[in-house]
1. Which cross-chain or sequence-distant (5 or more) residues have an amide H under 5 Å from the amide H of ARG124, H modelled 1.01 Å from N in plane?
2. Leaving out ligands and nucleic acids, note down the accessible area per residue over the chain with a 1.4 angstrom probe, in whole Å².
3. If you average the sequence gap of Cα pairs under 8 Å that are 6 or more apart and divide by the length of the stretch 22-228, what percent do you get for the contact order?
4. Choose one of ALA175, ALA157, GLY37: the residue whose Cα lies farthest towards the positive end of the charge dipole of the stretch 22-228 (beta-carbon charges +1 Lys, Arg; -1 Asp, Glu; about the Cα centre).
5. Kirkwood hydrodynamic radius of the stretch 279-424 from all distinct Cα pairs, in Å?
6. Could you rank the peptides 150-156, 68-74 by their average count of other C-beta atoms within 10 Å per residue, with the highest value first?
7. For the chain, give the percent of accessible area contributed by carbon and sulfur heavy atoms, probe 1.4 Å, rounded to a whole number.
8. If you find the alpha carbon centre of the stretch 260-323 and of the stretch 156-215, how far apart are they in angstrom?
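The values are calculated or read from the model by the stated rules, or taken from the named source; none is laboratory data. Nothing here was measured: the structure is a model prediction, and the numbers come from that model. Here the Cβ positions follow ideal geometry from the backbone for every residue, glycine too, while neighbour counts run over all protein chains shown. Accessible surface is based on the protein model in full, side chains and every heavy atom, while ligands, DNA and RNA are left aside. Shrake-Rupley method; radii C 1.70, N 1.55, O 1.52, S 1.80 Å.
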Amino acid sequence: MNRTLSRAGAPLTGDVAVPGDKSISHRAALLALLADGPCRADGWLDCADTRSSLEAVRALGAMAELTGDILTIAPPSARPDTPLTIDCGNSGTTARLLMGLLAGWLPAGGPAVTLTGDASLRGRPMTRVVAPLRAMGADLRWDDGEGRLPVTVRGAALRGVAHDLPVASAQVKSALLLAGLAASGATLVRGAAGSRDHTELLLRGLGVEVDETTGGTAVTGPRSLPAFRLTVPGDPSSAAFFQVAAAIVPGSEVLVRGQSLNPTRTGALRVLARAGAEVAEVRAALTARGEPAGDVRLRSGALRAFAIEAHEVPSLVDEIPALAVLATQCRGRTVIRGAAELRVKESDRLQLLARNLRAMGAVVDEEPDGLVIEGPCALRGGAPGHPLVLMTGGDHRIAMAMAVAALVADGESALDDDACVAVSFPGYFDVMQRLLDAGSGSRP
Ligand code: S3P
């Protein structure tokens, strides 16, 4: 659906509890398959992406129930005995983690499981997972064409291998560690420094020895997992849209409650602080399974340009769309480098950001691995009744980022697709509206 957006008439104020972290919610659903008893996740994120993981574990025989934000999963008592096709929808995390998990979990000689997805997911690179899994003995085959879904997985005996990843991907690292639980000997993953460590924290919390002393991350198998219970903190990638909105709309002050403060996920907060927003962690606590969480207060401030280099990208990889919008309001030249991965996310995010922000009047250079943005810039939409249509490419994070840009643009803007936000944050527009209404005093 097409959604028209207009300039914020007032600062954003108030507090918000963003929905549960998407990465941890995926892992809670998928790892329950390996557990030896019923598992529970409180604060579980219900969105299209995590539904893909939920439906996958159901298809594989788990009994899963979602009541509000409480997910309970009883793992299957037996492995599948008929071939299956699992549609991972738009979710790269579902597809990639499942490849690693299924490679050693399915019985050797048993039925095949085919993983596929929507057009976006079928266009995303999968060799980065398939090739290292094959080196462990995994039986993974391309159904249509090399490098892309669909992929068919059959059970096989796996052996531990030392991997050197060409991209610092938490999805690939996690797939290999999950395969490593079923493999004989040690599985070592190097080259994923700085990427999110939720799989490692969860495994450690379940008594698995995760060794980080040998220049990477290693697990030794084969081993099973006990039943678990965990609480999912708020998603910092969802919080980032409100935090950037508060930074760029003068006079704003937003409190995000209970967001993940895992240092592998807080790169955007560090950038916001460097850019001149006032960022304060007002309470920090450790949720079950070692995930740090807390409240974050953010106030607008005088904004200056910032630089993001390759080593920092994993800690804010999903926040770059929002941070590119921030850059348009900062004084000076912002340089974002080492972010070529954005070209193979749910869309080519560098291209869509450059195109949309330029259409709004921003000065943006699109580089092969990043963006250069000159600010500050007065963004503009279209004339009343003739909104400037921003192209989302069906990508949830582009849609949410461009909705933030529209808050500081003159005139009317519109998204060509607002439904795609349901991939990670179904209530996004309502929450944003609530912060805007609170600021304009229309609600107490
Ligand atoms: C994710 C890791 C990131 C991120 C994605 C979720 C995860 O991808 O972009 O949204 O849950 O592990 P990469 O690890 O491939 O960079």
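1. LEU149
2. Numbers: 15820 Å² over 444 residues.
Roughly 36 Å² per residue, with all protein chains present.
3. Working: 468 pairs, mean separation 40.2, N = 207.
The normalised contact order for the stretch 22-228 reaches 19 percent.
4. Of ALA175, ALA157, GLY37, it is ALA157.
5. Working: mean 1/r = 0.0621 Å⁻¹.
It is 16.1 Å.
6. Working: 150-156: 21.0, 68-74: 17.4.
So the order, starting with the most tightly packed, is 150-156, 68-74.
7. Working: 8090 of 15820 Å².
C and S fraction of accessible area: 51 percent.
8. So the separation of the two Cα centres works out to 25 Å.
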